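A.B. asks: First the structure, which I've put down as structure tokens, then a few questions once you've had a look.
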Amino acid sequence: MSADDLRLGVAQLRRVCDPASFPFEDTSSTVPLEDIIGQDRAVKALEFGLDISSSGFNLFLAGQPGVGKTTILKRVLERVVKDRPVPDDIAYVQNFDDPDSPCVLTLPAGRGSSLRTHVEEFVEDLKERVPKAFEGKQYEEQKRTNSEAHQKKRQKLIEGLEGEARDQGFEIKNTPMGLRTIAVQEDKPITPDEYQAMEDDARGELDAKMEELQKRIRDVMAEVKEVEQALKADLKDLNQQVAMNVIGGMMHDLHREYRDLPDVISHLDLMQADILSNIDDFRTSEEQQLPIPGLRMQSSEPDLARYQVNLIVDNSDLKGAPVVVERNPTYPNLIGRIERRAQFGALITDFTMIRAGSLLKANGGYLVLDVEDVLRNQFVYDALKRSLMNKEARIEDIAERFGMFSVATLRPRPVPLRVKVCLTGNPHYYHMLFAYDEVFREIFKVKADFDSQADRTDDAEGKFGAFIARLVVREDLPHFHRGAVAAVVEESSRLVEDQEKLSLRFGQVNDLIREAAYWAQNRGAENVEAADVERAVEEAEYRSSLSRERVQDLIQRNVLRVDTDGCKVGEINGLAVHMLGDYLFGRPSKISATVHLGREGVMNIERRVQLSHSTHDKGVLIFGGFLGERFAQDQPLTLSAAIAFEQSYGEISGDSASSTELYVLLSALSGIPIKQGIAVTGSVNQKGDVQAIGGVNHKIEGFFDICDERGLTGDQGVMIPQANVQNLMLRQRVIDAVEAGKFHIWSVEHVDQGIEILTGVPAGTLEPCEAGGDGDANRKSWAPDSINGLVAARLRKLGKQLTSWSREAKQPSAEIVSPSEGATEQPPPPMPPRGPCE
């Protein structure tokens, strides 16, 4: 097959979208797209994962950035959640038995805020009505009556005790130290001297009476204490009766309002009991001025906040299940937190300062998280796993949980959890977590794979027009003419470098649509035309192409040596793609090969200096295998060769230059020069088949721009693998040059085709050896004037020279004989056939 047969025609360089194929003149007359383009597999996985209620069937949305994972998930959720029940409200209330462990109440949606309001009104009413009740005349009279009755009992006990003491000859006095007994004689206290002067019998009798009296005093005082305690109990009962008169009716109303919620009724009963036990908290509201100006505190410091309802999740405004997208999943934002406030130099907290995280806000619904954000924030992934495995959300201080420091804090009771978590992220994270975390497999059982491309069918092209219409309407952009729609479709194929595919990375497509609309508005047009799309592409490329222009400038000034005309032995132009963020550009690089005597084989200089990635090393070893199979069937492959990317100072990866390196080595071995106006890309296997590579459009355009700046000669072009023809979506400037015959693109399937294009010399075929030769009749050899024949001859020669040198090196008395001393001069090797460059 000749080089002309392998040259590509203009129609093969880009798949054009015919604007006439659209049934509209512009997008104003088409219905905006409601369907999702090209993600049927992912949508089915989403619908399954969102619908199944079994444990562990949370979702992982795997796909490249920009394919619309979150957008599509939201659209599917919009259809799903509207038919789902609204989840319960969640509130924390005081635990009257253990205040450090607040209790959880769950109420039907909307009734949480109702309970909070009712309790607030209940407490406010108590603060107003209780003091009035205790200030009433009836209460004071009952209190005085009870007090007088108990006072009479006390007085009667004391008077009886005093009478008994007088009968025994003693007097009782009430002192600050308590009751004191004094012995009296003739109505006068006995002095110590008189006591000492008494006879022993009299003194002993007096002591016995005093001891008996002291015992009686203790008994009476115990009865007095009982009377006082009874007074307090009666007063407490009275207070509770008064308070109950105030509370009873109000609490009855609350019971009737929440009679269908047993947990709420239980809490109200406990709250009522606590109020009755601490009714004095509602009777004092005086404030005292502190030494610090502006600060006040209540004299009795009543803690009425313990009766509040801390509604941490209020679903009263929801219609359907909640959908929460957490953009910043820190531990407090996801799990919840316990806040504190400073008071007199100390940090204090209570159950009213518990705050819910997005996990609880999404309870009964769906929580959307980015896996990279989850993994980036410390403790979040472990907390998420623990919550899903235990089916409960436990709000706690992260410092206390991990033992960073010990401080008194709350331990809120956990909230039952029923949430569907949707993680989004790169497939790499899914594979990593699946491989290294067994728990991950148990809680994320549904994987939704999002593709980055879809088949370019007539239906898909039509949907692109409706897709553009949706964005135009949503963002109030000018409508797109059908020619502009066709240009967007073509650019979408270029994004994935495939004539048969369309890009589903709608983030990039949307930006193109917005930029094209901007340039249309900039020129005052009502509609966006194809030229606006082209300008948007050009402007975006210009904004990012500074590095490419710097490289091209170095090439034009011969700082970086790249030849684009003439022929050279052992030199060739390879093509590489450079990626700088979101910008790709192709750059030609000179690759050279040298051959010399030795047995080292093919040396990759980049590998020797550790500038070669393993994938590039593999390519070199592969074409080494090709050389062995083709030229070392009846003799060892004896050569030393060195291959290098000239003026390359960074790491080289990939095997896309392996065919290029093979071509330049064949040139160095055969002595046939290579056309420098042709750049080459493509990998090769051990059989010599040329295989597909990536970035083919950028590689072609990178070499074309160099040639165009220097002046197109009509002999320049790029040689690519046949398998990459379907990937061609070249810019119009390249297509125009090809159509004018100033630039060429060839596609090859085998290195034999490629070497013929590069040298103009046939690769050659195996032919039977002549009868009577030094081999048998079945032995074949390469045509002597072909590339393969010249390479085989050179390899045989190198082998013989190395063998001869080795033998001579082993003879210690070998003499060096010059031609002038009678040595027979060997004839020079035959000249290789001349290629078209010569």
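The values are calculated or read from the model by the stated rules, or taken from the named source; none is laboratory data. Computed from a predicted structure; not experimentally measured. Virtual Cβ from ideal backbone geometry, glycine too; neighbours counted across all protein chains shown. Quick note on the areas: whole protein, heavy atoms, side chains included, nothing else; ligands and nucleic acids left out. Shrake-Rupley method; radii C 1.70, N 1.55, O 1.52, S 1.80 Å.
A.B. asks: Would you confirm whether any residue within the range 704-715 is touching a residue at least 60 places away in the same chain (Cβ under 8 Å), of a type in the set (Phe, Trp, Tyr) and closer than 29 Å to Asp617 by Cα?
C.D. replies: No, there is no match, as no residue in the range 704-715 is touching a residue at least 60 places away in the same chain (Cβ under 8 Å), of a type in the set (Phe, Trp, Tyr) and closer than 29 Å to Asp617 by Cα.
For (1) under 19 Å from Leu105 (Cβ atoms); (2) at pLDDT below 95; (3) charged (D, E, K, R), each residue gets a yes or a no:
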position	(1), (2), (3)
Phe344	no, yes, no
Met353	yes, yes, no
Val371	no, no, no
Gln378	no, yes, no
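A.B. asks: OK, next. Condition test on Val264, is it in a helix (DSSP H, G or I) and farther than 23 Å from Leu126 by Cβ? Walk me through how you get there before you give the answer.
C.D. replies: Details: in a helix (DSSP H, G or I): yes; farther than 23 Å from Leu126 by Cβ: no.
No, not satisfied.
A.B. asks: Considering only the range 597-714, give the strands (runs of 3 or more DSSP E) lying wholly within it that have at least 2 residues that are farther than 30 Å from Leu728 by Cβ and either under 36 Å from the mean Cα position of the chain (by Cα) or among the hydroxyl-bearing types (Ser, Thr, Tyr) (or both).
C.D. replies: none
A.B. asks: Related question: Could you run through the range 442-469 and say how many residues are out of contact with any strand residue (DSSP E or B) (no Cβ under 6 Å at 6 or more places or on another chain) and either open to solvent by 20 Å² or more (accessible area, probe 1.4 Å) or over 19 Å from Leu33 (Cβ atoms) (or both)?
C.D. replies: Final tally of qualifying residues: 10.
A.B. asks: Turning to a different aspect of this structure: Can you confirm whether the range 665-686 contains a residue that is open to solvent by 10 Å² or more (accessible area, probe 1.4 Å) and either acidic (Asp, Glu) or over 23 Å from Ile787 (Cα atoms) (or both)?
C.D. replies: no
A.B. asks: Still on this model: For the range 425-441, how many residues meet the condition of being surrounded by fewer than 18 Cβ atoms within 10 Å (Cβ to Cβ) and farther than 30 Å from Val488 by Cβ?
C.D. replies: 9
A.B. asks: For the condition surrounded by 20 or more Cβ atoms within 10 Å (Cβ to Cβ), in contact with a strand residue (DSSP E or B) (Cβ under 6 Å, 6 or more places away or on another chain) and of a type outside the set (A, V, I, L, M), what is the one hit in Glu491, Glu571?
C.D. replies: That would be Glu571, the only listed residue that is surrounded by 20 or more Cβ atoms within 10 Å (Cβ to Cβ), in contact with a strand residue (DSSP E or B) (Cβ under 6 Å, 6 or more places away or on another chain) and of a type outside the set (A, V, I, L, M).
A.B. asks: Among the candidates Leu126, Leu115, single out the residue that is open to solvent by less than 20 Å² (accessible area, probe 1.4 Å), in contact (Cβ under 8 Å) with a residue 40 or more places away in the chain and more than 46 Å from the chain's Cα centre (by Cα).
C.D. replies: Working: Leu115 fails: more than 46 Å from the chain's Cα centre (by Cα).
On inspection, the qualifying residue turns out to be Leu126.
A.B. asks: Failed condition for Val496, given (1) under 12 Å from Ala536 (Cα atoms); (2) open to solvent by 20 Å² or more (accessible area, probe 1.4 Å), with all others met?
C.D. replies: Only one criterion in (1) under 12 Å from Ala536 (Cα atoms); (2) open to solvent by 20 Å² or more (accessible area, probe 1.4 Å) is unmet by Val496, namely (1).
A.B. asks: Being free of Cβ contacts under 8 Å to residues at least 24 places away in the same chain and open to solvent by 30 Å² or more (accessible area, probe 1.4 Å) is the filter; apply it to the range 266-277 and report the residue that is nearest to the chain's Cα centre (by Cα). Explain how you work it out, then say what you get.
C.D. replies: Step one: filter the range 266-277 for residues free of Cβ contacts under 8 Å to residues at least 24 places away in the same chain, giving 266, 268-269, 277.
With open to solvent by 30 Å² or more (accessible area, probe 1.4 Å) added as a condition, the list becomes 266, 269, 277.
Working: Ser266: 44, Asp269: 47, Ser277: 53 Å.
Among them, the one singled out is Ser266.
A.B. asks: Quick check on my filter: what residues within the range 548-560 are part of a helix (DSSP H, G or I) and either open to solvent by 60 Å² or more (accessible area, probe 1.4 Å) or more than 20 Å from Gln508 (Cβ to Cβ) (or both)? Working first, answer last.
C.D. replies: So the first thing to find is which residues in the range 548-560 are part of a helix (DSSP H, G or I), and the list is 548-556.
Listed by number, the residues that qualify are Glu549, Arg550, Val551, Gln552, Asp553, Leu554, Ile555, Gln556.
A.B. asks: Quick check: is even one residue across the range 233-256 of a type in the set (D, E, K, R) and either modelled with pLDDT of 80 or more or open to solvent by less than 50 Å² (accessible area, probe 1.4 Å) (or both)?
C.D. replies: Checking the range 233-256: at least one residue is of a type in the set (D, E, K, R) and either modelled with pLDDT of 80 or more or open to solvent by less than 50 Å² (accessible area, probe 1.4 Å) (or both).
A.B. asks: Right, next: Residue by residue through the range 737-762, note down the ones that are of a type in the set (A, V, I, L, M), out of contact with any strand residue (DSSP E or B) (no Cβ under 7 Å at 6 or more places or on another chain) and within 25 Å of Arg630 (Cα to Cα).
C.D. replies: Ile755, Val761
A.B. asks: Taking Asp193, is it modelled with pLDDT of 75 or more and of a type in the set (Asp, Glu)?
C.D. replies: For Asp193, the condition - modelled with pLDDT of 75 or more and of a type in the set (Asp, Glu) - is not met.
A.B. asks: Looking at the range 525-548, I want the residues that are farther than 18 Å from Val472 by Cα and of a type in the set (Gly, Ala, Ser) and have a partner that is surrounded by 18 or more Cβ atoms within 10 Å (Cβ to Cβ) and modelled with pLDDT under 95 with Cβ atoms under 7 Å, at least 6 apart or on another chain. Which pairs are those?
C.D. replies: Ser545/Phe585
A.B. asks: Something else now. Quickly run through the range 584-622 and pick out the residues that are out of contact with any helix residue (DSSP H, G or I) (no Cβ under 8 Å at 6 or more places or on another chain) and of a type in the set (Ser, Thr, Tyr).
C.D. replies: Ser589, Ser614, Thr615
A.B. asks: Answer with yes or no whether Ala448 is of a type in the set (A, V, I, L, M) and more than 29 Å from the chain's Cα centre (by Cα).
C.D. replies: Here the answer is no, as Ala448 does not meet what is asked.
A.B. asks: Filter the strands (runs of 3 or more DSSP E) completely within the range 81-196 down to those with at least 1 residues that are among the polar types (S, T, N, Q).
C.D. replies: The qualifying strands (runs of 3 or more DSSP E) are 103-107, 170-175, 178-185.
A.B. asks: Do we have Ser653 as buried (at least 24 other Cβ atoms within 10 Å of the Cβ) and on the phi < 0 side of the Ramachandran plot here? Spell out the reasoning first.
C.D. replies: On the way: buried (at least 24 other Cβ atoms within 10 Å of the Cβ): no; on the phi < 0 side of the Ramachandran plot: yes.
Answer is no for this residue.
A.B. asks: Of (1) open to solvent by 10 Å² or more (accessible area, probe 1.4 Å); (2) over 23 Å from Gly789 (Cα atoms), Gly717 satisfies all except one. Which?
C.D. replies: The number of the failed condition is (1).
A.B. asks: Which of the strands (runs of 3 or more DSSP E) found entirely inside the range 716-768 contain at least 2 residues meeting this: touching a Phe, Trp or Tyr at 6+ places or on another chain (Cβ under 7 Å)?
C.D. replies: 716-721
A.B. asks: Tell me which helices (runs of 4 or more DSSP H) are completely within the range 318-384 and hold 3 or more residues being of a type outside the set (Asp, Glu) and open to solvent by less than 10 Å² (accessible area, probe 1.4 Å), or say none if there are none.
C.D. replies: Result: 358-361.
A.B. asks: Moving on. Given Arg514, Arg505, which one is under 27 Å from the mean Cα position of the chain (by Cα), open to solvent by 30 Å² or more (accessible area, probe 1.4 Å) and modelled with pLDDT of 95 or more?
C.D. replies: Matching residue, one of Arg514, Arg505: Arg514.
A.B. asks: Where in the range 393-474 are there helices (runs of 4 or more DSSP H), lying wholly inside it, with at least 1 residues that are at pLDDT 90 or above and either under 30 Å from Cys103 (Cβ atoms) or in contact with a Gly (Cβ under 6 Å, 6 or more places away or on another chain) (or both)?
C.D. replies: Helices (runs of 4 or more DSSP H) meeting the threshold: 438-443.
A.B. asks: Considering only the range 555-603, state which residues are under 15 Å from Phe703 (Cβ atoms) and aliphatic (A, V, I, L, M).
C.D. replies: Ile555, Leu560, Val562, Ile572, Leu575, Ala576, Val577, Leu584, Ile591
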